[in-house]
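Asker: The structure under discussion is supplied below as structure tokens; questions concerning it will follow.
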Amino acid sequence: MGLLMVGTASEKTTEMLAYAHDTQHEKIIRGLSLGIALTVYGREEDADILIEQLTGDQDPILRYGGMYALALAYRGTANNKAIRQLLHFAVSDVSDDVRRTAVLALGFVLYSEPEQTPRIVSLLSESYNPHVRYGAALAVGISCAGTGLSEAISLLEPLTSDVVDFVRQGALIAMAMVMIQTNESCDYRVGTFRRQLEKIILDIHEDTMSKMGAILASGILDAGGRNVTIRLLSNTKHDKITAVVGLAVFSQFWYWYPLLHFISLTFSPTAFIGLNYDLKVPKFEFLSNAKPSLFEYPRPTTPPTSISDVKMPTAVLSTAAKAKSRVKKDTEHKGALEKLLSDDVSSASVSTKSSKSIEKDADAMQVDTDSEKKVESELSYETLTNPARVVPAQERYIRFIEGSRYVPVKLAPSGFVLVKDLQPSEVEVFALTDTLVTAPPDTAATGATSTGQQGSGSSAMAVDDDSQPPQSSEHSANP
């Protein structure tokens with residue numbers, strides 16, 4: 001009901017609230033409380049009366065719904081009144097569920113100003129209550145998703161090693177949300193975090209909740225083949241209602257794991273796709289005035305190639321040990337005699353060998369210096385071909401080449417961009433095409449004949465655009 005009536009502030013909320021008071025089933029009450037919160041999405045002050053009813057209720061589950069109602073009613077507004085209310089419940093409510101959700105809700109209120117979130121929740125992230133620390137981690141993950149913000153990563157880093165398992169889980173998921181589509185060239189901690197995830201996933205002694213968080217984090221980092229990011233605001237700074245609602249329902253996985261799939265609603269493709277007046281994709285090039293390494297795909301992690309086996313000591317019989325020592329003495333005696341005979345011969349060849357080894361070392365040093373000279377500095381720009389992957393941090397570096405055949409009707413750094421053809425008389429080359437492939441006319445005409453000649457061992461398909469439907473026939477009742 002909440003998903004169907006998002007933002008409508010429907011009168012059905014009164015019935016939903018009344019039923020929540022009548023029933024004793026915890027899951028029904030929780031579903032109703034979240035449904036009521038979804039109906040007041042974006043209503044701001046108009047939702048204050050309902051929010052007061054929920055936050056003042058004796059049932060902690062309904063107060064929990066009141067936190068989500070505050071979060072969704074004031075989503076992305078950074079409203080001071082809403083922030084004060086959430087902070088009040090985060091430190092004073094008697095229910096851990098409510099306190100955790102109150103801190104988490106700060107992420108929804110502040111996602112339009114992600115730089116403010118780490119500062120506001122920094123003290124809460126050091127709380128003695130693990131539920132508050134978990135909420136602080138997800139609040140940073142929600143508001144700073146896809147930004148790669150250094151302050152957010154610094155706040156989450158110690159939480160990934162927290163003593164409580166579910167806090168580690170939330171911190172790993174939040175870190176992946178912040179680092180999505182960020183590579184080591186932008187922040188060296190990306191590589192460290194990926195190695196940490198691999199270690200947690202492969203460690204058989206790791207607890208289940210942390211391992212689940214690491215698996216989810218790994219999936220978020222590589223979501224959509226590393227071609228999507230998490231965005232709660234559009235390029236024009238408008239709320240993406242589907243993404244916000246999807247993230248709100250995703251956070252309910254604490255109670256029901258199948259709701260994890262709602263995070264897919266938050267993903268936005270990161271691509272530049274130029275379209276002409278026919279909405280086809282012409283082939284042309286444009287520039288990214290930044291080093292290619294800044295926005296390249298993250299390097300894939302490689303699993304360990306081999307595992308060294310520890311050899312256990314083998315038992316040795318006393319008779320075998322005596323025989324072995326006797327053979328060893330005989331060998332040493334023969335070796336001493338041979339050494340006396342070969343000393344004179346080897347002394348002459350030592351000088352020639354040493355001179356050859358010196359020459360070889362000198363050649364190796366020369367090769368090393370030559371290879372160092374051949375290392376070229378990285379280019380300060382990159383040429384991209386339409387369509388191309390363009391991540392959010394790369395958008396400000398996108399430029400069209402002067403004298404290009406295609407120019408944008410309205411300059412946009414990513415997404416679908418309409419372009420104008422300055423040379424309409426010339427033949428266009430398309431990067432993508434949806435033209436159906438059909439057989440040539442000669443093949444179509446002789447398809448039946450060639451099939452009959454070749455026999456059952458091969459087949460040919462005849463395409464006839466002029467084929468007519470069968471003629472109608474009349475049937476009489478009596479034969």
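The values are calculated or read from the model by the stated rules, or taken from the named source; none is laboratory data. Keep in mind that what you see is a predicted model, and the values were worked out from it rather than measured. Don't worry about glycine lacking a Cβ; one is built from the backbone with ideal geometry, like all the others, and counts go over all protein chains shown. Accessible surface is based on the protein model in full, side chains and every heavy atom, while ligands, DNA and RNA are left aside. Shrake-Rupley method; radii C 1.70, N 1.55, O 1.52, S 1.80 Å.
Asker: Mind counting the residues in the stretch 7-38 that are in a helix (DSSP H, G or I), touching an Asp or Glu at 6+ places or on another chain (Cβ under 8 Å) and surrounded by fewer than 19 Cβ atoms within 10 Å (Cβ to Cβ)? If you could, list the steps in order and put the result at the bottom.
Answerer: Of all residues in the stretch 7-38, those in a helix (DSSP H, G or I) come to 12-22, 26-38.
Checking the rest, the ones that are also touching an Asp or Glu at 6+ places or on another chain (Cβ under 8 Å) come to 20-21, 29.
Filter again for surrounded by fewer than 19 Cβ atoms within 10 Å (Cβ to Cβ), leaving 21.
Count: 1.
Asker: With the structure loaded, tell me whether residue 268 is under 18 Å from the mean Cα position of the chain (by Cα) and not in a helix (DSSP H, G or I) or whether it fails that test. Walk me through how you get there before you give the answer.
Answerer: Values: under 18 Å from the mean Cα position of the chain (by Cα): yes; not in a helix (DSSP H, G or I): yes.
Spelling it out, residue 268 is indeed under 18 Å from the mean Cα position of the chain (by Cα) and not in a helix (DSSP H, G or I).
Asker: Same structure, new question: Any idea which residue in the stretch 80-98 is surrounded by the most Cβ atoms within 10 Å (Cβ to Cβ), counting only those that are closer than 23 Å to residue 238 by Cα and over 30 Å from the mean Cα position of the chain (by Cα)? Show your work before the answer.
Answerer: Within the stretch 80-98, the first condition is being closer than 23 Å to residue 238 by Cα, and the residues that meet it are 80-83.
From what's left, over 30 Å from the mean Cα position of the chain (by Cα): 80-82.
On the way: 80: 10, 81: 13, 82: 23.
The residue in question is 82.
Asker: Tell me the residue from 390, 419 that is in contact with a Gly (Cβ under 6 Å, 6 or more places away or on another chain), within 30 Å of residue 296 (Cα to Cα) and modelled with pLDDT of 55 or more, please. Walk me through how you get there before you give the answer.
Answerer: Working: 390 fails: in contact with a Gly (Cβ under 6 Å, 6 or more places away or on another chain).
Among 390, 419, only 419 is in contact with a Gly (Cβ under 6 Å, 6 or more places away or on another chain), within 30 Å of residue 296 (Cα to Cα) and modelled with pLDDT of 55 or more.
Asker: Go through 275, 260, 265, 294 for me and flag whichever is touching a Cys at 6+ places or on another chain (Cβ under 9 Å) and of a type outside the set (Asp, Glu).
Answerer: Details: 275 fails: touching a Cys at 6+ places or on another chain (Cβ under 9 Å); 260 fails: touching a Cys at 6+ places or on another chain (Cβ under 9 Å); 265 fails: touching a Cys at 6+ places or on another chain (Cβ under 9 Å).
Just one listed residue meets the conditions, 294.
Asker: Going by the conditions given, is residue 41 closer than 17 Å to residue 232 by Cβ, buried (at least 23 other Cβ atoms within 10 Å of the Cβ), out of contact with any strand residue (DSSP E or B) (no Cβ under 7 Å at 6 or more places or on another chain) and not aliphatic (A, V, I, L, M)? Steps first, answer last, please.
Answerer: Values: closer than 17 Å to residue 232 by Cβ: yes; buried (at least 23 other Cβ atoms within 10 Å of the Cβ): yes; out of contact with any strand residue (DSSP E or B) (no Cβ under 7 Å at 6 or more places or on another chain): yes; not aliphatic (A, V, I, L, M): yes.
It is true that residue 41 is closer than 17 Å to residue 232 by Cβ, buried (at least 23 other Cβ atoms within 10 Å of the Cβ), out of contact with any strand residue (DSSP E or B) (no Cβ under 7 Å at 6 or more places or on another chain) and not aliphatic (A, V, I, L, M).
Asker: Check 246, 224 and return the single one that is of a type in the set (Gly, Ala, Ser) and either without any contact (Cβ under 8 Å) to a residue 24 or more places away in the chain or open to solvent by less than 40 Å² (accessible area, probe 1.4 Å) (or both).
Answerer: On the way: 224 fails: either without any contact (Cβ under 8 Å) to a residue 24 or more places away in the chain or open to solvent by less than 40 Å² (accessible area, probe 1.4 Å) (or both).
Just a single option satisfies the conditions, and that option is 246.
Asker: Here's something else I'd like to know. Go through (1) over 35 Å from the mean Cα position of the chain (by Cα); (2) not in a helix (DSSP H, G or I) one by one and return the number of the condition residue 4 breaks.
Answerer: Status for residue 4: all satisfied but (1).
Asker: Residues that are closer than 18 Å to residue 149 by Cα and out of contact with any strand residue (DSSP E or B) (no Cβ under 9 Å at 6 or more places or on another chain): list the helices (runs of 4 or more DSSP H) wholly contained in the stretch 60-129 that include at least 2 such residues. Working first, answer last.
Answerer: Working: elements: 60-73, 80-92, 96-109, 116-121.
Output list reads 96-109, 116-121.
Asker: While we're here: When you scan the stretch 130-220 for helices (runs of 4 or more DSSP H) that lie fully inside it, which ones turn up with 2 or more residues that are charged (D, E, K, R) and in contact (Cβ under 8 Å) with a residue 40 or more places away in the chain? Walk me through it before giving the result.
Answerer: On the way: elements: 130-143, 150-156, 165-179, 189-202.
So the answer is 165-179, 189-202.
Asker: Condition check: touching a Ser or Thr at 6+ places or on another chain (Cβ under 8 Å) and not polar (S, T, N, Q). Does residue 222 satisfy that? Explain how you work it out, then say what you get.
Answerer: Numbers: touching a Ser or Thr at 6+ places or on another chain (Cβ under 8 Å): no; not polar (S, T, N, Q): yes.
When the stated conditions are applied, residue 222 does not pass them.
Asker: Going through the stretch 115-158 one residue at a time, which ones are surrounded by fewer than 23 Cβ atoms within 10 Å (Cβ to Cβ) and of a type in the set (D, E, K, R)?
Answerer: Within the stretch 115-158, 115, 119, 126, 151, 157 qualify.
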